[in-house]
Every structure is written in C-alpha cells, then in structure tokens.
Amino acid sequence: MKKTLTIATRTGSLAVVQTQIVVAAIQKLFPALDIRIKKIASEGDKDRRTTLWELKETGFFTSILEDALLAKEADIAVHSFKDLPTSIREGLTIGAVLERKFPEDCLVCASLIKSLDELPKEAIVGTSSLRRAVQLKQLRGDLKCVPIRGNVPTRLKKLEQGDFNAIVLARAGLERLGLADKISIIFDPTQFIPSPAQGALAVEVRADDAETKEIVSKLDDKDAHIITTAERLVFSALGCGCHAPAGVFAQINGSNITISGCFSDPDGQNFSHATISGPIAQSAKLAQTLADKLRQKSS
C-alpha cells in the first residue's frame, strides 16, 4: 500500500475543513498512511467579481484540482460535489461520496428572524445563485436579489456591514465552519430545491490508479452515492450548466427514491416544480422522466 497520499484542495477555509473531514475518515481506516494536503487556488477563488450565473464555462472551482490529479501532482481531490460538472473529465472518476449532511439552503439575516415575511418590503437579499434568486422571487416577488461573491466569512461580513438585509447560503458550509448559530431559516429542500449533490463531499481520483481507488472506496456512502447520482442525472438531462436556475433533491425511503426538481428561465417567468417517486433500481429512468416533466411545465 502507498505510504503517502497527497490530497488536492482549494485554499478557502471551508474547502480546507471539508478536506480535513476526508483526511480524518481515511486516517481512521488507514492509520499508517501519511497524508499531505496540497492547497491550490482555483479560478473561483481568484475571481470574486464575476457573477456566477454569468459564467459560460464549467469547473470554475474544480478544474485546477483536476489538473493536479491528471499531472500526478496529487492522488485525490476533495470537492463540494455540487461544484463538479456533471460530465467527469476523461481519466478521472468519483472514487467516493461521503455521507451527505445538511443539503438545504438557508437564510442568514443581520438579526434572527423566523419567517421571510419578517423581512422588510423590497429587502435586498444577497445570493451567488440564479437558482436561489428565482426561488426566492417565487416566495416573495418584492425581494431584490443582488449578486454576492466571496467565501462564507466574507459574505457574512458584507451582511454585518449592512450591504444586505439577508443572504442565502448552503447550510452545509455554515455547519462545517461552526457558524450554524447565524442561520435564521432552513428551507425545506423539497420545496426550495438545492443544487444537485449539495451538502455532499466527492473524492475524485485518477481512473487508472487502482490502489488509491481501493483506499478511497472505503469512504463511500451507498445512499449518498445513489441520491447524488440521481440528482446529477436530472441536471444532465435538462442540459443546463451548473449555474442555471435549476435544482434537484433526492431522498431514499426504504426501497424507493423520491426526486424533486425545479427549472426556470433566468427571469423566473416560466418556473416549474415537480416530484417523482419509484424504486431505487429505476432511479436513472426516474431522473430522465422528471427532467422531461420539468421542461414541459416550463415551456
């Protein structure tokens, strides 16, 4: 077995914390393995001005880590699974999806509130996601959704400075950074649909690296792998980019899987929401059917 494993990660505080989660999981199973963390700044970390929904390319936060893998400068890369394009680069594969926690979106306000109704009229809400902006407008049409960039602490600072009345963030990031006390509202993920695979950590490896694949496979959570795969299949079938106004959320109940999704044009005028359930064994077919339903409803 390898004596040293090099893990590529982005430089932000959340990325490092998430990588440490993976490191701890590996060390628990392979205590003799020496693990080194290689921090790499992605384009998304360098460019904090471009509005995410204006981006045309995919892999804004992940491609440089994949470059390190392919160049054999790292053995694995740790990603927020929601950031990975649905089409995995040639020569790479997802070796494991860790147990999924906190898939929801949440609202953070300058002072804690219990309902969106408590926000003032025409409140300014910061979000980096067109998907979130469209869904917020469905809940309260008067809200003014304004782009916000930066890591979680940077966004919280902008909120505290009074730039926004509220901001929308992924719950997982706040929980992992020990900032859950900042959350006002946790949205129901079957109604306010998150990004595909939101809350899940993906471990990517080279497809031809059998030894690393074997190590990483021990981290894989079967249910998390099934539901995130189904969500990403819906997104792929919709044919939209990772910053499009679309969301998918799946959950397993016994031998069945339920998948909820939303899809819209950028201005939210043709918004659709649909849910489908069936046997886990038919999850790929269910994903395609849901994508078809969402397209039909929004046309």
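Just so you know, all these numbers are worked out from the coordinates, no wet-lab data involved. Please read all numbers here as calculations on a predicted model, not as lab measurements. Here the Cβ positions follow ideal geometry from the backbone for every residue, glycine too, while neighbour counts run over all protein chains shown.
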* P(r) of region 170-239 in 10 Å steps, Cα pairs, percent per bin? -> 15, 36, 34, 13, 2
* Got the relative contact order for region 235-298 handy, in percent, Cα pairs under 8 Å and 6 or more residues apart? -> 31 percent
* Asked: Rounded if a/c is under 1.5, else prolate if a/b beats b/c, else oblate: with a ≥ b ≥ c from the C-alpha gyration tensor eigenvalues square-rooted, which is region 164-206?
  -> oblate
* Asked: Label Lys157 and Ala71 with points 7 Å out from Cα along Cα→Cβ: what is the distance between them in nm?
  -> 2.9 nm
* Counting all C-alpha pairs of the chain, share separated by more than 24 Å (%) -> 52 percent
* **Segment Asn256-Arg140, length gained on full extension (0.36 nm per residue, minus Cα span)** => 38.4 nm
* How far, in degrees from 0 to 90, does helix 283-298 lean away from the longest principal axis of the Cα atoms of the chain, to the nearest 10? -> 30 degrees
* To do: Describe numerically, in nm with one decimal, the distance between label points set 7 Å from Cα along Cα→Cβ at Thr11 and at Asp267.
  => 4.0 nm
* Asked: Taking square-rooted eigenvalues a ≥ b ≥ c of the alpha carbon gyration tensor, is region 235-298 rounded, prolate or oblate, where a/c under 1.5 means rounded and, failing that, a/b exceeding b/c means prolate?
  -> prolate
* Structure fact -> Rg (one decimal) and Dmax (whole number) from the Cα set of region 105-186, in Å, equal 11.4, 32
* **5 angstrom amide H check on Lys38, placed H, neighbours 5+ away** => Ile7, Ala8, Thr9
* To do: Compute the relative contact order of the chain as a whole-number percentage, counting only Cα pairs closer than 8 Å that sit 6 or more residues apart in sequence.
  => 21 percent
* Could you pull out every residue, at least 5 positions away or on a different chain, whose amide H is within less than 5 Å of the one on Val146? Hs are placed 1.01 Å off N in the peptide plane, and Pro or chain starts have none. => Val125, Gly126, Thr127
* Asked: If you place +1 on the Cβ of every Lys and Arg, -1 on the Cβ of every Asp and Glu, and leave all else neutral, what size is the dipole of the chain about its Cα centre, to the nearest 20 Debye?
  -> 280 debye
* Rounding to the nearest 20 debye, state how big the charge dipole of region 105-186 is about its Cα centre with +1 on each Lys and Arg Cβ and -1 on each Asp and Glu Cβ. => 280 debye
* Enumerate the amide H contacts of Leu92 below 5 Å, restricted to partners 5 or more residues apart or on another chain; note that Pro and chain-start residues carry no placed amide H. => Ala207
* **Label zone at Leu112, where the point sits 7 Å out along the Cα-to-Cβ direction: region 172-198 residues whose backbone N lies under 20 Å** => 172-188
* Value at 222 nm in deg cm²/dmol, rounded to 500, when DSSP H runs of n ≥ 4 in the chain each add -39,500 (n - 2.57) -> -9500 deg cm²/dmol
* Asked: Mind checking which lysines have their C-alpha under 22 Å from Lys285, skipping anything on the same chain fewer than 8 residues away?
  -> Lys82, Lys222, Lys293, Lys297
* **Helix axis angle, 130-139 relative to the chain longest principal axis, alpha carbon, degrees** => 40 degrees
* Structure fact -> In nanometres, the difference between 0.36 nm per residue of separation and the alpha-carbon distance of Ala284 and Lys121 is 54.4 nm
* Which listed residue (Leu290, Val108, Ser272) has the Cα farthest towards the positive end of the charge dipole for the chain, taking +1 on Lys and Arg C-beta and -1 on Asp and Glu C-beta about the Cα centre? -> Val108
* Taking Cα pairs under 8 Å and at least six residues apart, what relative contact order does region 84-168 come out at, in percent? -> 37 percent
